[in-house]
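The values are calculated or read from the model by the stated rules, or taken from the named source; none is laboratory data. Since this is a predicted model, take the numbers as computed values, not measurements. Note: ideal-geometry Cβ built from the backbone for every residue, glycine included; neighbour counts use all protein chains shown. The accessibility values were calculated without ligands, DNA or RNA, using every heavy atom of the protein model including side chains. Shrake-Rupley method; radii C 1.70, N 1.55, O 1.52, S 1.80 Å.
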Amino acid sequence: EDQVTQSPEALRLQEGESSSLNCSYTVSGLRGLFWYRQDPGKGPEFLFTLYSAGEEKEKERLKATLTKKESFLHITAPKPEDSATYLCAVQVIQGAQKLVFGQGTRLTINP
Amino acid sequence: GAVVSQHPSRVICKSGTSVKIECRSLDFQATTMFWYRQFPKQSLMLMATSNEGSKATYEQGVEKDKFLINHASLTLSTLTVTSAHPEDSSFYICSARDTGGDEKLFFGSGTQLSVL
């Protein structure tokens, strides 16, 4: 069974304190790994797609990396507006293009 | 970027009534749309895959007669929660993939359903 596990479940940081969120996955065949940001009461907002081990993508204070077993979302010098739930999802080669989501990491950045 | 519009954003209804949620892709065509539900502080659980012009594909454990899906055009899918009960209260989110684009999914803003 395809599984996605995110850690930690919740993370509190001070403004400017860099850290990383983890997404580990067990799938039959990875087509792509996605990172989304979700604010309370809103739908997920797309951040990154990673397709192969070794790939990295950056956007402002965020950087996503991918290995054969896991992905990391690195947050550098975060600001309070980076507070949100960050969701990781995998798309498997078989399975009608659907995404399997992890449970998310609730990130809080204190000023 | 591509926009997916979902309405209504919030609905409160009495037990036993039916509720329809619309999901529209505003600037792209989507042959496939997905419906998720999300409970508080939990992740998104896929309910069904909506296919334009054909029957939806439901995930295991999701009652197809309770959650009716219609994907009548390349830009519109609807989810109808029939005879809603309090346990159906949840956050419902639709998503769509640009048929002519890459693999990423665009999500609607979600619908918070509260059944009294």
When the solvent-accessible surface of protein heavy atoms is calculated with a 1.4 angstrom probe, in what order do B:Ser5, B:Ser95 fall, highest first?
B:Ser5, B:Ser95
Enter the accessible area of A:Ile93 (Å², nearest 10), with the probe set to 1.4 Å and all protein chains included.
100 Å²
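Got a number for carbon plus sulfur as a percent of chain B's accessible area, 1.4 Å probe?
Details: 2860 of 5640 Å².
Whole-percent figure for carbon plus sulfur exposure: 51.
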Can you give me the solvent accessible area of A:Glu55 with a 1.4 Å probe, rounded to the nearest 10 Å²?
40 Å²
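Relative contact order of chain B, please, whole-number percent, based on alpha carbon pairs below 8 angstrom and at least 6 residues apart. Could you put the intermediate results ahead of the total?
Details: 296 pairs, mean separation 43.0, N = 116.
It rounds to 37 percent for chain B.
Among the listed pairs A:Lys42/A:Lys98; A:Lys42/A:Lys68; A:Lys98/B:Lys64, which are separated by more than 24 Å between their Cα atoms?
Checking Cα-Cα distances, A:Lys42/A:Lys68 exceed 24 Å.
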Could you sort B:Phe67, B:Phe106 by their accessible area in this structure, using a 1.4 Å probe and putting the largest first?
B:Phe106, B:Phe67
Taking only the alpha carbons of chain B, the radius of gyration and the largest Cα-Cα distance, Dmax, both in angstrom, are 13.4, 42
Take chain A, connect every pair of alpha-carbon atoms lying under 10 Å apart with a spring to form a Gaussian network, then pick out the residue of A:Tyr86, A:Tyr25, A:Tyr51 with the largest mean-square fluctuation.
A:Tyr51
So what is the diffusion coefficient of chain A in µm² per second by Stokes-Einstein at 37 °C and 0.692 mPa s, using a Kirkwood Rh over Cα pairs?
235 µm²/s
Could you compute how much accessible area chains A and B hide from each other, both sides summed, with a 1.4 Å probe? Nearest 100 Å² is fine.
1600 Å²
Report, in debye and to the nearest 20, how large the dipole of the protein assembly as shown comes out about its Cα centre when Lys and Arg carry +1 and Asp and Glu carry -1 on their Cβ.
280 debye
Would you work out which of B:Thr17, B:Thr82, B:Met47 lies farthest towards the positive end of the dipole of chain B? Charges go on Cβ: Lys and Arg +1, Asp and Glu -1.
B:Thr17
Over the protein assembly as shown, what lengths in whole Å, largest first, do the semi-axes of the equivalent ellipsoid take, defined as the square roots of 5 times the eigenvalues of the alpha-carbon gyration tensor?
30, 20, 16
Other-chain or far-sequence residues with amide H under 5 Å of A:Gly104's (modelled H):
A:Gln6, A:Cys88
Dipole of chain A, positive end: most advanced residue of A:Ser28, A:Leu47, A:Phe72 [Cβ charges, Cα centre]
A:Ser28
Solvent-accessible area per residue for chain B at a 1.4 Å probe radius, Å²?
49 Å²
Could you give the accessible area per residue of the range A:16-65, probe 1.4 Å, as a whole number in Å²?
48 Å²
Given a 10 angstrom Cα cut-off, can you work out which residue in A:Lys79, A:Lys57, A:Lys42 is the most mobile in a GNM of chain A?
A:Lys42
When chain B is treated as a Gaussian network with springs between alpha carbons less than 10 Å apart, the largest mean-square fluctuation among B:Gly53, B:Gly61, B:Gly16 is found at B:Gly61
Given unit charges at Cβ for Lys, Arg (+) and Asp, Glu (-), the dipole magnitude of chain A about its Cα centre in debye, nearest 20, is 160 debye
Carbon plus sulfur fraction of accessible area for chain A, probe 1.4 Å, in percent:
47 percent
